[in-house]
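Please read the structure below before turning to the comments.
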């Protein structure tokens, strides 16, 4: 019990800081690419169900289908957020660009053959209610608070929490499209 006291928690590398946004993905986003046969309806439903199960409020910012020479092109964008507590709100944004879509029958199922690129960004937004932004002195106090008082909580609980959620969602998508982590 006492011997663990001196151990450091594994630290997530925050790839980007924008104000009070703590990104747990590269600033350009986490990319997943796949070409092959997939069940797009299942993946779409699973992503929506995951957001609901994890208590995220989500908006589908885009869901368009265009006919192209080499098959349909589908663009889907989700923006989702969840309040963690009165200080932090988590955000996950996903963009799907699916090209060369054609319907196929595979192992008795109606599926799609396509090329897919998925881009996911995730971050924890600190002080999302802007309680610390009322004056220059309170902003300085907030910076001290983040840097020295709750630094470990930010890294392990807030950043760690959104990172684990991101990995869960990524693994779900990879399972649905036939990629495994």
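The values are calculated or read from the model by the stated rules, or taken from the named source; none is laboratory data. This one's a predicted model, so the numbers in the text were calculated from it and none came from an experiment. FYI the Cβ positions are ideal-geometry reconstructions off the backbone, even for glycines, and counts take in every protein chain you see.
Points to keep in mind about this one:
- If the condition is being in contact (Cβ under 8 Å) with a residue 60 or more places away in the chain and under 20 Å from the mean Cα position of the chain (by Cα), then segment 138-159 contributes 154, 155, 156, 158, 159.
- For segment 37-62, filtering for residues that are in a helix (DSSP H, G or I), under 13 Å from residue 81 (Cα atoms) and in contact with a helix residue (DSSP H, G or I) (Cβ under 9 Å, 6 or more places away or on another chain) leaves 2.
- No other residue among 18, 60 is modelled with pLDDT of 90 or more and closer than 21 Å to residue 162 by Cα apart from 60.
- Among the residues of segment 62-85, those identified as over 15 Å from the mean Cα position of the chain (by Cα) and surrounded by fewer than 17 Cβ atoms within 10 Å (Cβ to Cβ) are 62, 63, 64, 65, 66, 67, 68, 69, 70, 72, 75, 85.
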